[in-house]
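Asks: Would you mind keeping the following structure in view while I ask a few things?
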Amino acid sequence: MRVYNFSAGPSTMPIEVLKQIQAEFLDYNGSGMNPMEMSHRGKVYDDIHNEAINLVKDLLFVPDDYYILLLQGGATQQFEAVPMNLLGKNNKADYVNTGHWSTNAIKTAMPHGDILEVASSKDKNFTYIPDATNFIRPDARYLHITTNNTIRGTRFTKLPKTNVPIVADMSSNILSEVFPVSDYAVIYAGAQKNIACAGVTLVIVKKELVDNDYTLPYTPLMYKWKTQADKNSLYNTCPTFNIYVMMRMLQHLKKQGGISEIYKADKEKADKLYNFIDNSKLYSNNVNPADRSLMNIVFTTGNEETDAQFVKEATAANIISIKGHKSVGGLRASLYNAMTMEGVDYLLDFMKKFELKK
Ligand SMILES: *Cc1c(COP(=O)(O)O)cnc(C)c1O
């Protein structure tokens with residue numbers, strides 16, 4: 001039996017895609033093999049690889065002057081790769097701190113250059129998105145932001161005004177909203193939230209920035225974007241199965257009408273849950289309403305024991321991974337693209353019943 005899975009990542013996948021993968025598990029497209037069994041240099045796999053890349057281009061309207069890279073190492077590796085690839089000539093970079101993942105990105109970048117936290121929402125427990133516009137150093141090589149804060153449940157709805165190139169960790173909200181790629185110099189995202197299963201990392205980077213002259217002198221070969229960019233992300237064996245899953249996920253997304261349709265559905269799901277929370281006497285969400293995430297909805301009953309009771313009863317009702325991140329406590333429902341409205345309604349029904357008993 002399937003559960004209602006509100007995990008922040010790895011997270012639930014569309015049942016249609018899981019079934020398709022199951023159906024072709026032993027024989028992908030007449031090849032007699034699973035994509036995990038085939039050569040990454042063969043024709044069958046090559047088509048999968050290029051289809052996945054083309055779908056990213058298609059769905060996100062990626063301009064031609066950007067590379068679309070499929071890497072390993074997760075978003076966390078990019079915390080290191082970003083400064084290593086960009087700080088070779090001008091070692092200044094500015095960061096906005098909006099929670100756990102930005103804090104990690106800043107800590108990781110620190111040893112690589114003159115890293116400045118130009119804005120932070122730590123003063124209010126990361127419950128809002130600070131405006132960095134007036135604090136960005138005009139000569140910074142880049143400004144790093146985390147567009148969706150998975151743990152705190154906030155998201156950027158507008159970018160700081162700056163000519164400094166923006167680098168964005170979009171791990172938890174890529175493919176959920178339409179945005180112009182050209183507003184960014186670099187976009188990166190681990191796959192396990194909205195793209196595929198864990199094991200592949202998407203990096204979209206402006207071609208002019210991919211130059212070994214811009215890398216720090218000690219940058220390892222496998223951290224240099226150029227290494228993979230020159231080889232269409234096939235410098236070494238790529239995660240073939242994960243990229244195949246990514247291709248099937250993106251095809252599914254496209255079939256649903258692309259990102260603008262997905263956004264409508266995501267917005268409807270999130271609004272429904274926020275509306276319920278805002279009108280409830282038991283539950284509350286403390287995020288600045290204008291900065292609320294559509295993907296990760298944090299809430300609490302305001303009482304630790306009641307929150308624990310909620311998690312316990314939810315689990316018994318087949319609702320899993322509803323507990324807030326350990327650094328924050330409370331509760332969290334992650335509503336990535338694959339979470340259905342039916343799943344949200346099921347959760348709402350449970351929340352209503354739980355509230356009535358209190
Ligand atoms: C999950 C997450 C990460 C970490 O991703 P890994 O693939 O585990 O390295 C980084 N940033 C954000 C915003 C995330 O949600």
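The values are calculated or read from the model by the stated rules, or taken from the named source; none is laboratory data. It should be emphasised that the depicted structure is a prediction, and the values quoted were computed from it without experimental measurement. In this analysis, Cβ positions are derived from the backbone assuming ideal geometry, glycine residues included, and neighbour counts consider all displayed protein chains. When the accessible area is computed, the model is the full protein with side chains, heavy atoms only, and any ligands, DNA or RNA have been set aside. Shrake-Rupley method; radii C 1.70, N 1.55, O 1.52, S 1.80 Å.
Asks: Over the heavy atoms of Lys323, what accessible area does a 1.4 Å probe trace out, to the nearest 10 Å²?
Replies: 140
Asks: Would you calculate a helix-derived [θ] at 222 nm for the chain, using -39,500 (n - 2.57) for each DSSP H run of n ≥ 4 and dividing by the full residue count, to the nearest 500? List each step's numbers first, then the result.
Replies: Values: 9 runs with 121 residues, N = 358.
Calculated at 222 nm, the ellipticity per residue is -11000 deg cm²/dmol.
Asks: Still on this structure, please answer the following. Shape call for the stretch 172-234 from the C-alpha gyration tensor, a ≥ b ≥ c root eigenvalues: rounded (a/c under 1.5), prolate (a/b greater than b/c) or oblate?
Replies: Numbers: a/c = 2.43, a/b = 1.49, b/c = 1.63.
Since a/c reaches 1.5 but b/c is at least a/b, the shape of the stretch 172-234 is classed as oblate.
Asks: Output ³J(HN,Hα) for the stretch 326-331: one whole-Hz value per residue in order, computed from phi by the Karplus curve 6.51 cos²θ - 1.76 cosθ + 1.60 with θ = phi - 60°, and x for Gly and Pro.
Replies: With coefficients 6.51, -1.76 and 1.60, one gets 4, 6, 10, x, x, 10 Hz.
Asks: Continuing with the same structure: Run the paramagnetic zone check for Ile15: 7 angstrom along Cα to Cβ, then residues of the stretch 316-351 with backbone nitrogen under 17 Å.
Replies: Within reach of a label on Ile15, which here means backbone N under 17 Å from a point 7 Å along Cα→Cβ, the stretch 316-351 contributes 318-320, 336-348.
Asks: Given the Cα atoms of the stretch 313-358, and with Rh set as the inverse mean 1/r over their pairs in the Kirkwood sense, what is Rg to Rh to two decimals? Intermediate values should be presented prior to the final figure.
Replies: Working: Rg = 11.2 Å, Rh = 11.5 Å.
Result for the stretch 313-358 is an Rg/Rh of 0.98.
Asks: Here's something else I'd like to know. May I ask what percent, to the nearest 5, of DSSP beta bridges between residues of the chain are antiparallel?
Replies: On the way: 20 of 38 bridges.
If we restrict to bridges inside the chain, about 55 percent are antiparallel.
Asks: Additional query: In terms of the ratio Rg/(2.2 N^0.38 Å) built on C-alpha atoms, what value belongs to the stretch 1-159?
Replies: On the way: Rg = 20.1 Å, N = 159, 2.2 N^0.38 = 15.1 Å.
For the stretch 1-159, the normalised Cα radius of gyration comes out at 1.33.
Asks: Quick one: net charge around Lys19, please, counting Lys, Arg +1 and Asp, Glu -1 for every other residue with C-beta under 12 Å from its C-beta. Write out the running numbers ahead of the final one.
Replies: Values: positive: Arg2, Arg248; negative: Glu16, Glu24.
After counting each charged neighbour, the total is 0.
Asks: To the nearest 10 square angstrom, what accessible area does Phe179 show with a 1.4 Å probe?
Replies: 40
Asks: Using only Cα atoms, what Kirkwood radius does the stretch 24-63 have, in angstroms? Provide the component values of the computation, followed by the final result.
Replies: Working: mean 1/r = 0.0906 Å⁻¹.
About 11.0 Å, per the Kirkwood formula over Cα pairs.
Asks: Here is a follow-up. Quick one: if you stick a label point 7 Å off each Cα along the C-beta vector at Lys267 and Thr76, how many nm between them?
Replies: Result for the modelled spin labels: 3.5 nm.
Asks: Applying 1/(1 + (r/R0)^6) with R0 = 30 Å to the Cβ-Cβ distance of Glu342 and Asn104, what FRET efficiency is obtained, to the nearest 0.05?
Replies: Working: r = 34 Å, r/R0 = 1.15.
The formula returns an efficiency of 0.30 here.
Asks: Follow-up. Going Cα to Cα from Lys264, which aspartates and glutamates come in below 18 Å? Please leave out same-chain ones fewer than 8 positions away.
Replies: Glu177, Asp291, Glu342, Asp345
Asks: Over the chain, what percent of the accessible surface lies on carbon and sulfur atoms, probe 1.4 Å?
Replies: Values: 8060 of 15830 Å².
For the chain, the apolar C and S fraction of the accessible surface comes to 51 percent.
Asks: To the nearest µm²/s, what D does Stokes-Einstein give for the chain at 4 °C and 1.567 mPa s, using the Kirkwood radius over alpha carbon pairs as Rh?
Replies: Working: Rh = 21.2 Å.
Translational diffusion coefficient: 61 µm²/s.
Asks: Moving to a separate point now. How many Å² of accessible area per residue for the chain, probe 1.4 Å? Show your work: numbers first, answer last.
Replies: Numbers: 15830 Å² over 358 residues.
With all protein chains present, the chain gives 44 Å² per residue.
Asks: Now for a separate question. How much length would be gained if the chain were fully extended between Asn275 and Asp64, taking 0.36 nm per residue of separation minus their Cα-Cα distance, in nm to one decimal?
Replies: On the way: separation 211, 0.36 × 211 = 75.96 nm, distance 4.06 nm.
So the chain would gain 71.9 nm between Asn275 and Asp64.
Asks: Let me ask you something else. Counting only C-alpha contacts under 8 Å and six or more residues apart, can you give the relative contact order of the stretch 1-101 as a whole percent?
Replies: Working: 26 pairs, mean separation 8.3, N = 101.
Normalised by residue count, the contact order of the stretch 1-101 is 8 percent.
Asks: Students often get this wrong, so check it: of Lys158/Lys281; Lys161/Lys193; Lys312/Lys352; Lys89/Lys161; Lys57/Lys255, which have C-alpha atoms separated by over 20 Å?
Replies: Violating the 20 Å limit, Cα to Cα: Lys158/Lys281; Lys161/Lys193; Lys89/Lys161.
Asks: How much net charge surrounds Ala109 when only the other residues with a Cβ under 15 Å from the Cβ of Ala109 are counted, with Lys and Arg +1 and Asp and Glu -1?
Replies: Numbers: positive: Lys92, Lys107, Arg137, Arg141; negative: Glu80, Asp94, Asp114, Glu117, Asp169.
Around Ala109, the charge tally is -1.
Asks: Computed FRET efficiency, Cβ-Cβ of Lys161 and Thr237, R0 51 Å: what is it to the nearest 0.05?
Replies: On the way: r = 43 Å, r/R0 = 0.84.
The value I calculate is 0.75.
Asks: Might you work out the accessible area of Phe135 for me, using a 1.4 Å probe with all protein chains in place, and round it to the nearest 10 Å²?
Replies: Spelled out: Phe135, probe radius 1.4 Å, area about 120 Å².
Asks: May I pose another question? Share of antiparallel DSSP beta bridges in the stretch 54-209, in percent to the nearest 5?
Replies: Just about 45 percent of them are antiparallel.
Asks: Moving to a separate point now. Once the Cα gyration tensor of the stretch 110-240 is diagonalised, what are the square roots of 5 times its eigenvalues, in whole Å and ordered largest first, as equivalent ellipsoid semi-axes? Kindly include the intermediate steps, with their values, before the conclusion.
Replies: Numbers: eigenvalues 134, 81, 37 Å².
Each semi-axis is √(5λ); the values are 26, 20, 14 Å.
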